[in-house]
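Single-structure report; data block below.
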Amino acid sequence: MPGTRRRPREGSTVTTDDQDRPTAAAVFDALGAAYEQAFAGSEAHRRSLRWLLGRLAPGSRVLDVGSGTGRPTAETLAAAGHEVLGIDVSPVMVE
């Protein structure tokens, strides 16, 4: 339901680092470029990009949530003439 927040399951915890960022940010900060090297060449991901490119109107504006380094998604979409805005929880990945 929009506007509602789920409470953590009983017995689970929500952990943040000292900057009050989710631990996912710290994990992706640590992975950095290694994440891109491991997953950017995924054929399934490339297939999904081809599918998306076939459905976007020319010059579309695209929001890439969880963009990481921007490769290959934002890079591919921008090269095809789309305007891409990427956001990510990890400043290291964005940099």
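Checking the condition of a type in the set (A, V, I, L, M) and open to solvent by 50 Å² or more (accessible area, probe 1.4 Å), which residue from VAL92, VAL62, VAL84 passes? Show your work before the answer.
Working: VAL62 fails: open to solvent by 50 Å² or more (accessible area, probe 1.4 Å); VAL84 fails: open to solvent by 50 Å² or more (accessible area, probe 1.4 Å).
Being of a type in the set (A, V, I, L, M) and open to solvent by 50 Å² or more (accessible area, probe 1.4 Å) holds for just one of VAL92, VAL62, VAL84, which is VAL92.
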Checklist entry - Which ones in the range 65-81 are surrounded by 12 or more Cβ atoms within 10 Å (Cβ to Cβ) and of a type in the set (Val, Ile, Thr)? => result THR69, THR73, THR76
Next on the checklist: Among (1) modelled with pLDDT of 90 or more; (2) not in a loop (DSSP other than H, G, I, E, B), there is one condition ALA34 misses while meeting the rest; what is its number?
Outcome noted: (1)
Checklist entry - Can you name the residue in the range 71-95 that is part of a loop (DSSP other than H, G, I, E, B), under 16 Å from ASP29 (Cβ atoms) and within 12 Å of the chain's Cα centre (by Cα) and is also modelled with the highest pLDDT among such residues? => result ASP88
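The values are calculated or read from the model by the stated rules, or taken from the named source; none is laboratory data. The model shown is predicted, which means the values in this text are computed figures rather than measured ones. Backbone-built Cβ (ideal geometry, glycine too); neighbour counts: all protein chains shown. Please note that ligands, DNA and RNA were not included when accessible areas were found on the heavy atoms of the full protein model with its side chains. Shrake-Rupley method; radii C 1.70, N 1.55, O 1.52, S 1.80 Å.
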